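What follows draws every value from the coordinates through simple rules; no lab data is involved. Just so it is clear, the model here is predicted, and its values are computed rather than measured. Cβ sites come from the backbone with ideal geometry, for glycine too, and all protein chains shown count toward neighbours.
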Amino acid sequence: MPDSPSTSRAGLPPIAVKLEEPDIHDEDELDEGSVAGPGTSEQDELEPPASKRVRRSKTSPKPRKRVRGKQGGLKGLMNMPIDIFTQIVYWLNPGDLISLVRANKFFRNMLLRRSVVQIWRQVESNLAGLPPCPPSLCEPQYAALLFSKFCTLCGASSTAKPDTSLLTRFCTSCRDNELVEVKMAGFDDQRDSALVPCSSNIKLGMSGPRPRGGLDSPVCLKSEVKEVNSMRQRFSAAKDSKGWTAWKTTRHKAVLERYKYAVRICAYIHSIEKSRGKELIDVRRKRRETIVRRLIDLGWTNRDMMCDREHVKSWRALVEVSKPLTERIWTNILPKLTLLLEENRARHLEDDRLARRIKHCDYIDEFLIGMKYSENPLEPIAKALGAQLPVRPDLNAPFDILAPEDPAELIFGNPFPNTQLALTWDCLADLIEREIPIGELERELDARKDRIRSKILEWRAGIERQLVEQYRSEFDHGDKDPIVTVRGSSQVTSSLSPQLRLLLRADTVFMKCEVTAQENSSESRRLDCRGYTYYYPSLVCNLRDIFDYDEPLESPDFDSQCYREYAGLGIIIKSLLQSLGMPDAARIELLDMGARFVCGRCADGKPVTWDEAIGHYARERRKWDKNKDNKPVVSVRYPIMHRNVHDLEAQDNLKPLVRVVTEQEARRLLTPPPDNVRKQLCIMCDATEHDIDSLRPDAMVIHMKDVHEIATPVEGVHWALRISMDTLFDEWPERWNAFHDGQALSS
């Protein structure tokens, strides 16, 4: 059986930090005239130094490091008697001793003697909660691991945290050279991985292919892997299985002890970091409070210290620092702080000016809103109709985007300029720039109310004139003095301007043109009824104010150049008005009537609003234009008869295009039928994509007669219940053909 290899105190090899005996003849660090350090006797000091042989070298010696005075700043410690030095050292902490060890060879040789181990243990005990030195390390190694920022192997600077399982702190180079992933360690038996301490807190920076899961694999020291493999080979060569088992048991216990120490050390490090974090917070707080107090004494305010997003980083770099404020630091940062404070104050003054300006704009906006709702040009028409004008909204009420709009606003809305445009007028522009209190602003607005009213009337007249010019720009209307009636009389509107009377007519409808004249000719526009419709005054009243007064609109005024007469829809409206006997009616009157218009050509017409009645005829025209030939979607041998009952120019249809019903009749027509009534569908309209259905059997009979000229409709051939159409439609062509074959034979 071979001799067991020597191990450290707990069976693990120590981390290599050489403990050197002091070399009293090494004078690289000490000048020739230096006095003896601690531990020398008076006799030694009195003896002359041994003669030295003069170096004969052609090369000049390296320049010595220049220090201030003899031994620089450490002169006092090096000349101090050993007993006093020892008493001072007892009050230090391990980090201070490590700093002394790294200072020069004098302290290194003195503090790394085995005889001073009691000093290291004493300074370790000065730190409450610090676990004792692990068995696999000596005290200087333990202190260097926890309290220095250097690699425990090569001594290079390292920002890595100490690994409490491996008891190492490696630089990048040593980490990649000395560590290996357990899966790639090369154990002779993979079960031997339990015999070496492992860590999952270190990620290697190696490149190249890695095994699956390699990124999460723990790492261990290559030297310990090599030792375990070597021991296995030695015991295997000696065929000593009992010795190998005993060694593994001892080794495994040492690894478990290492892990126990790792938990204790890790807990201590976390407690120190937490305590240090609180200390840094207190330091930052005291520094911030001191800086703020001094700045206030210099005349700055707390608001001057409020930085915007652009400067807050610079402010924090000077104030929110975990370093006590000294007079030297204060002298250095004060000019930088002053520059930031001056910028903050200038910005805050500008913000205050803009805030006052916006406050003035808000007050002017409220003043204009009051004029808008108190001076409505449509008030005479509303009185003639017995309708209520829009009520001024409560500007202090919370805004509700889901709240329904006031119906009166949709009908009797006052065409009014938005506030941003009004603020450009001479009578208002100077008020937003003057630094005056709100009370004086109120008096100024009251004094200028007549001038403001004149500007509003001038603006409104200009808008009406531009719209009329656009309306008449392509089609000749001839009549330059239009008439608009309310309840059959033009007396109410006689005092209005000709432009306003034209715009208030029900058949004055606009469309937006955003294409060139070549692409959208006048003739095609006359027949077009597919676009969005715009009416006066709603197309002006729908303009929304933008309350960001600091960024003016590019074009706050109303743009009338994009509006043209919607001639295609105008033809429909004129025909409906003629059918009602109200050719000159005001649109406002028709809107005020509500849902009382019923299509006279539909067999099952429902009461709708005026705009819905117009839309109904526009849709019927588009449907007819889409399938004028009434070609069915399925193949049949007999054509389908289909009359365009919504034709505006049909001379043989004596039914009115639209009729007005009373409110009582409107409610009756809107009453739903009983639940047991099934919806009937016209199969012929469905086959030609006209899609007509009804819940009234008598309405389906009327539809068959008016549209298809069928006096006696047959179920399954001409009409069917909608619920059965999914299965019936595939059979319908044969039924249609068979029905007409029978009709032909009987005739």
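Things worth noting here:
- Each part gets one Cα centre, and for segment 606-653 versus segment 268-289 those centres are 84 Å apart.
- Each residue in Val123, Val660 was given a count of other beta-carbon atoms within 10 angstrom of its own, and listing them fewest first yields Val660, Val123.
- Local electrostatic count, Thr508, Cβ distance below 10 Å [Lys/Arg +1, Asp/Glu -1]: +1
- Cα gyration tensor, segment 601-704 - rounded (a/c under 1.5), prolate or oblate: oblate
- Cross-link table Lys226/Lys248; Lys574/Lys631; Lys149/Lys313; Lys655/Lys705; Lys222/Lys248, entries beyond 21 Å C-alpha to C-alpha: Lys574/Lys631; Lys149/Lys313
- Model label points for Ala355 and Leu410, set 7 angstrom from Cα along the Cα-to-Cβ axis, are 4.1 nm apart.
- Rounded to the nearest 20, the Cβ-based charge dipole of segment 360-434 about its Cα centre (Lys and Arg +1, Asp and Glu -1) stands at 260 debye.
- Global geometry of segment 222-264, whether rounded, prolate or oblate, following the gyration tensor of its Cα atoms and the 1.5 cut on a/c: oblate
- Total charge dipole magnitude, segment 611-683, about the Cα centre, Cβ charges on Lys, Arg, Asp, Glu only, Debye to nearest 20: 380 debye
- Count Lys and Arg as plus one, Asp and Glu as minus one, and take only other residues whose Cβ is under 14 Å from that of Thr164; the net charge is then +2.
- Going by neighbour counts of Cβ atoms within 10 Å, the residues Ile588, Ile483, Ile84 line up, fewest first, as Ile84, Ile483, Ile588.
- Near Ile265: Cβ cut-off under 11 Å, other residues only, Lys/Arg at +1 and Asp/Glu at -1. The net charge is +2.
- Order of Met80, Met582, Met231 under a 10 Å beta carbon neighbour criterion, fewest first: Met80, Met582, Met231
- Charge dipole (debye, nearest 20) of segment 333-404; +1 at Cβ of Lys and Arg, -1 at Cβ of Asp and Glu: 160 debye
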